[in-house]
1. Tell me which helices (runs of 4 or more DSSP H) are completely within region 35-131 and hold 3 or more residues being over 24 Å from S14 (Cβ atoms), or say none if there are none.
2. Could you grab me the full set of residues in region 91-119 that are more than 15 Å from the chain's Cα centre (by Cα) and closer than 18 Å to S38 by Cβ?
3. Given (1) within 26 Å of D200 (Cβ to Cβ); (2) surrounded by fewer than 20 Cβ atoms within 10 Å (Cβ to Cβ), identify the lone condition not met by Y57.
4. Test of understanding: among F72, F30, which residue is out of contact with any Lys or Arg (no Cβ under 9 Å at 6 or more places or on another chain), aromatic (F, W, Y) and at pLDDT below 95?
5. For region 228-247, state whether one or more residues are touching a helix residue (DSSP H, G or I) at 6+ places or on another chain (Cβ under 8 Å), farther than 28 Å from G106 by Cα and modelled with pLDDT of 95 or more.
6. Only one of these conditions is not met by A269: (1) without any contact (Cβ under 8 Å) to a residue 40 or more places away in the chain; (2) open to solvent by 10 Å² or more (accessible area, probe 1.4 Å); (3) under 23 Å from A141 (Cβ atoms). Which number is it?
7. Can you give me the number of residues within region 148-175 that are under 13 Å from L320 (Cβ atoms) and either hydrophobic (A, V, I, L, M, F, W, C) or surrounded by 23 or more Cβ atoms within 10 Å (Cβ to Cβ) (or both)?
8. Look at N88 and say whether it is farther than 20 Å from A141 by Cα and touching a strand residue (DSSP E or B) at 6+ places or on another chain (Cβ under 9 Å).
Amino acid sequence: MNDIRVIGVMSGTSLDGVDLVFVRFDSNDFSRFVIECSETVSYSLLWKEELQEAINYSDEKLALLDKEYGIFLGETINTFLNKNAIENIDFIASHGHTIRHQPDEGITLQIGNGKEIAAVTQQKVVCDFRTQDVALGGQGAPLVPIGDKLLFSVYDYCVNLGGFANVSYDQEGSRIAFDICPVNIVLNHYTRKLGLEYDDKGALAASGTINQELLLLLNELPFYKKMPPKSLGLEWVKEHVLPLIDKNETDIPTILRTFVEHVAIQMNAIMIPSKTKLFTGGGVFNAFLMKRIAFYLNERVGLVGKQLIEYKEALVFAFLGVLRVHDEVNCLASVTGAANDHSSGKIYLPD
């Protein structure tokens, strides 16, 4: 096929690492694509601590971190290119790592300086996909739904279970999408207190019991009654969710069990059981969580291949880059609440 060759780069809020994909898109039909190779590069302990703390940094310190992280991404991409003998790519599309996201106050920040990535890799870079949308009055999130609409239209619902759960679907001709609730950003916060990066297959949660009072309080959080467009960030979790949990429960298996139930209930509140669903993101590997989601939906939840589960977001950011380079719409006003549809992302060329 006459193809567009793109490296997609994604770092999620759950800090499991940098996701990289090499994708070939058919230039005559973007929905025809092949993921040639993919990899997740885990963060060192130093990077993980830095990214966790960055929300508290001054503007000056963040500006420096933005450059340092851009250099780190560039070097990580170079290693990926060399390791897989990838040549003649058209560009790199990088999401960056979200540090601040308060769109109602006109704030969104993803670090990973595009100029630095371009300099280190000597490749064209498309990045900073959210800023323009927030400037247009939008939430700057979620951005994946344009990919859901154009690449995965066979599914009624596209659901990502990452740091946060989000969903996208068509409603009366418009794409609707929003964050449903936190997932791994909360679960991993508590498993780390036990020295574990995550709850493998949900075994710890399965061993706990539900704190019914805490479950009720979580389900009554005002965010769940808001109409979309709406999105969540780490700030909201730190202000509303973690204090609520810590005030009402100290046993970690009980916290995990209760929060898994909370997530499953919130998912069920959004989706119609009989419709087709694409579940992707790291949370899909939490077998106990998927079991509880299936219980509330009262149906068997089918899963797709491991590569798509793990790398769909990196794939879609590669696709957002393709749309941006072709000056086609990659941000939907019906999803983010922006003043209009637009083509978002900054383009950097190597010096």
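1. Values: elements: 45-53, 59-83, 114-121.
By residue number, 59-83, 114-121.
2. F91, I92
3. Here Y57 meets the rest and fails (1).
4. Details: F72 fails: at pLDDT below 95.
Only one candidate passes the filter, namely F30.
5. Within region 228-247, one or more residues are touching a helix residue (DSSP H, G or I) at 6+ places or on another chain (Cβ under 8 Å), farther than 28 Å from G106 by Cα and modelled with pLDDT of 95 or more.
6. Failed condition: (1).
7. 3
8. Judged against the criteria, N88 is a match.
The values are calculated or read from the model by the stated rules, or taken from the named source; none is laboratory data. All values reported here derive from a predicted model rather than from experimental measurement. Positions of Cβ are generated from backbone atoms using ideal geometry, with glycine treated the same way; all protein chains shown enter the neighbour counts. Please note that ligands, DNA and RNA were not included when accessible areas were found on the heavy atoms of the full protein model with its side chains. Shrake-Rupley method; radii C 1.70, N 1.55, O 1.52, S 1.80 Å.
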